[in-house]
Amino acid sequence: MAPAGCEDRAAALSHPAPPRHEASAPCSGPRAGEPPTPPAADGRMPLPALVDQVRPAVVTVMTMRASPPSDEGATPGHPFGGGAPRVERAIGSGFVVAAEGLVLTSDHVVGDAFGIEVQLADERAFKAAVVGRDPALDVALLRLLGAESLRVVPLGSSAPVRPGDDVIVIGNPFGLGPTVTRGVVSATSRPMGAASLDGFIQTDAAINPGNSGGPLFNARGEVIGIATAIHADGRGISFALPIDEVLEVLPELRAAGRVDRGRMGISLQEVTPQLARVLKLPGRMGALLTEVEPEGPGARTGLRPGDVILSIEGRRLEHARDLARALRRTRPGEEVELTYRRDGADRRATVKLDRAAGGAPARLRPGDHAEQPLGVLASDALEGARIEAIAPQSAAAGNLEVGDVVLDLNGAPVRGGAELAARLRAAGRKDLLLRVRRNGATLYLAIPAR
């Protein structure tokens, strides 16, 4: 599974690439005065009634991304090729999970966007800020600025899902407008790509470019997954992230904007029957270490490439993905007990985990703009701090833009979102001079005290 525009990490699997145009069509809920169709005894609803009930809470996520300038028409020898970076527009889907305007979508839909707008089913549109991201799980939480009293989707559980269950997908494929497709669950607990990604719901319901981030509903109108990926080599094979995985991290995304996970500093692969024979294992079991990061937590404990981890915290590992899943549920600083096999003998180790890199943007909390003179959400950039969102009526509004990278604050370099937050707090309500990179150009901005 790999985001559109990136090299696939697993053959033949890809996210639906967002379409490069914008289009939408109105849709509506039940007609005024028309009573809703009652559900069956088991909660199942006729498909038209189900769609009328949930469609108002499904949204279109429109993003703007910067792409390298085109060489077409460039002057020979021109140092900047075809000129300024181009802006690409793309479309994904999402769904409202809180009436005050919180929307869940896929992280690959919004991850590198510098501008996000969300359109509701009734065609109202809102600017959106990223509240939190979890690239490891491919989930993002957005806040619609100025939205209130929105319709929300019912959130179900993916635990009871089984092959043969009826499902529907609602999204905006190819930018054609809100669209409904239906199918069945083909399989559950499907691994995809890297060993850390597993447990996906496979369905034959059509998921196309533009559906990414949208909801997968059961026959009772409850969200059981997020449309995530398609199989590039065949039709009728699509995947959804189980909603239970998302609900585990949702409170942390909402409160902190990130998910802190423990990290062991290792790379894994599955044990094949051939490897099991060579490694003197009774069968396929455990997680084979292919790399151990020098000076990482695993290396400090004495783990080496070629070790096979058999259990963690007393729980037997059948597959490498079982270890990856267990580590996803740990925290930095936590100690975990391992049993592993080396040279035919079982050994034990206690590993103290450190913080997983990536997927944890340092940012001002969404409510902090009331105390901050600028009122911005910022994340780490390769150089400086990237502006993710700007609060309306804040000092930054009309000066900074989403996507700006703050390089200097009052003449001193800025090293990431957390540092920007700390220095803004220290500056209080003084005049500010910022050096900012915007669309490939560098400029200074003066923001007076307020």
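The values are calculated or read from the model by the stated rules, or taken from the named source; none is laboratory data. This one's a predicted model, so the numbers in the text were calculated from it and none came from an experiment. Cβ sites come from the backbone with ideal geometry, for glycine too, and all protein chains shown count toward neighbours.
Within the range 255-279, residues that are of a type in the set (S, T, N, Q) reach partners that are surrounded by fewer than 17 Cβ atoms within 10 Å (Cβ to Cβ) with beta carbons closer than 9 Å, at six or more positions or on different chains, in the pairs Ser267/Thr290; Ser267/Glu291; Ser267/Glu293; Ser267/Pro305; Gln269/Leu275; Gln269/Thr290; Thr272/Arg284.
Remark: Arg437 matches the filter, which requires a residue to be assigned to a strand (DSSP E or B) and modelled with pLDDT of 85 or more.
For the range 268-279, the candidate set comprises residues that are farther than 20 Å from Ala326 by Cβ and touching a strand residue (DSSP E or B) at 6+ places or on another chain (Cβ under 8 Å); within that set, the residue that is surrounded by the most Cβ atoms within 10 Å (Cβ to Cβ) is Leu279.
Counting only strands (runs of 3 or more DSSP E) that sit wholly inside the range 122-220, those with at least 1 residues that are out of contact with any Phe, Trp or Tyr (no Cβ under 9 Å at 6 or more places or on another chain) and closer than 30 Å to Ile390 by Cα are 125-134, 139-144, 166-171.
When the range 316-352 is filtered for residues that are part of a helix (DSSP H, G or I) and among the acidic types (Asp, Glu), only Asp322 remains. Could we say that Leu443 is part of a strand (DSSP E or B), more than 28 Å from Val259 (Cα to Cα) and without any contact (Cβ under 8 Å) to a residue 24 or more places away in the chain here? In short, yes.
Looking only at residues of the range 222-237 that are more than 27 Å from Ala378 (Cβ to Cβ) and at pLDDT 85 or above, we find that the one that is surrounded by the fewest Cβ atoms within 10 Å (Cβ to Cβ) is Glu222.
For the range 84-97, filtered to residues that are in contact with a helix residue (DSSP H, G or I) (Cβ under 9 Å, 6 or more places away or on another chain) and more than 18 Å from Phe217 (Cβ to Cβ), the residue that is modelled with the lowest pLDDT is Ala90. Scanning the range 130-149 for residues that are in contact with a strand residue (DSSP E or B) (Cβ under 9 Å, 6 or more places away or on another chain) and surrounded by fewer than 21 Cβ atoms within 10 Å (Cβ to Cβ) yields Leu145, Gly146, Ala147.
Against the conditions (1) closer than 30 Å to Val223 by Cα; (2) at pLDDT below 90; (3) of a type in the set (Asp, Glu), Glu270 satisfies every one except (1). Kindly evaluate Pro282 against the criterion of being in a loop (DSSP other than H, G, I, E, B), surrounded by fewer than 19 Cβ atoms within 10 Å (Cβ to Cβ) and within 28 Å of the chain's Cα centre (by Cα). For Pro282, the condition - in a loop (DSSP other than H, G, I, E, B), surrounded by fewer than 19 Cβ atoms within 10 Å (Cβ to Cβ) and within 28 Å of the chain's Cα centre (by Cα) - is not met. The residue of the range 375-426 that is farthest from the chain's Cα centre (by Cα), among those that are β-branched (Val, Ile, Thr) and in a strand (DSSP E or B), is Val406. Hey, among the residues in the range 292-321 that are of a type in the set (D, E, K, R) and buried (at least 19 other Cβ atoms within 10 Å of the Cβ), which one's modelled with the lowest pLDDT? This residue is Arg321.
Evaluate the following for Val249: is it modelled with pLDDT of 90 or more, surrounded by 19 or more Cβ atoms within 10 Å (Cβ to Cβ), assigned by TED's automatic domain parsing to the domain that holds Ser158 and hydrophobic (A, V, I, L, M, F, W, C)? Here the answer is yes, as Val249 does meet what is asked.
Note on the range 431-440: among residues that are in contact (Cβ under 8 Å) with a residue 40 or more places away in the chain and within 15 Å of Asn399 (Cβ to Cβ), the one that is surrounded by the most Cβ atoms within 10 Å (Cβ to Cβ) is Leu432.
Quick check on the range 243-257. Is at least one of its residues outside any strand (DSSP E or B), at positive phi and under 28 Å from the mean Cα position of the chain (by Cα)? Yes, there is a match, as at least one residue in the range 243-257 is outside any strand (DSSP E or B), at positive phi and under 28 Å from the mean Cα position of the chain (by Cα). Mind checking whether some residue in the range 192-200 is in the same structural domain as Leu47 (by TED's automatic domain parsing), at pLDDT 85 or above and buried (at least 18 other Cβ atoms within 10 Å of the Cβ)? Within the range 192-200, one or more residues are in the same structural domain as Leu47 (by TED's automatic domain parsing), at pLDDT 85 or above and buried (at least 18 other Cβ atoms within 10 Å of the Cβ). Within the range 380-410, the set of residues being closer than 30 Å to Gly296 by Cα and at pLDDT below 80 comprises Asp380, Ala381, Leu382. Say whether the condition of being touching a residue at least 12 places away in the same chain (Cβ under 8 Å), at positive phi and surrounded by fewer than 16 Cβ atoms within 10 Å (Cβ to Cβ) is met by at least one residue in the range 412-427. No, there is no match, as no residue in the range 412-427 is touching a residue at least 12 places away in the same chain (Cβ under 8 Å), at positive phi and surrounded by fewer than 16 Cβ atoms within 10 Å (Cβ to Cβ).
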